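Undergrad: To start, I am sharing the structure in question, which I have written as structure tokens.
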Amino acid sequence: MESMSVIDLGQVLAVLGLFYKLSADRAQHAEEMGRIKSQIEYLQDKQNTVDTRLDNIDSKLEKLIASVIRLEALISHKNSYKYLETPKPK
């Protein structure tokens, strides 16, 4: 068997170095993807919480508007007190 020349040894080391570099890059990429996925999950949870709160606020606002309309209708129908009406936009 012939002995390996310096060039052959360099090529083997280059291939091993390339393999090591690719595996290190792959591991770094996987770690970054994991971090991004956890951030996405956190933001989706936060979005769901905000959506729930906004829906709740919207529901309460609709009830308040309906109550004000009923009160204005009752007051204007029974008594003509104009000072209790909501001002009209100019």
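The values are calculated or read from the model by the stated rules, or taken from the named source; none is laboratory data. Not measured: the values here are computed from a predicted model. With ideal geometry, Cβ positions are generated from the backbone for all residues, glycine too; neighbour counts draw on all protein chains shown.
Undergrad: Applying the selection to segment 26-45, what residues are of a type in the set (S, T, N, Q) and either modelled with pLDDT of 95 or more or exposed (fewer than 10 other Cβ atoms within 10 Å of the Cβ) (or both)? Steps first, please.
TA: Of all residues in segment 26-45, those of a type in the set (S, T, N, Q) come to 28, 38-39, 44.
Across segment 26-45, the qualifying residues are S38, Q39, Q44.
Undergrad: Looking at S76, S23, which is the one that is at pLDDT below 85, surrounded by 10 or more Cβ atoms within 10 Å (Cβ to Cβ) and in a helix (DSSP H, G or I)?
TA: That would be S76, the only listed residue that is at pLDDT below 85, surrounded by 10 or more Cβ atoms within 10 Å (Cβ to Cβ) and in a helix (DSSP H, G or I).
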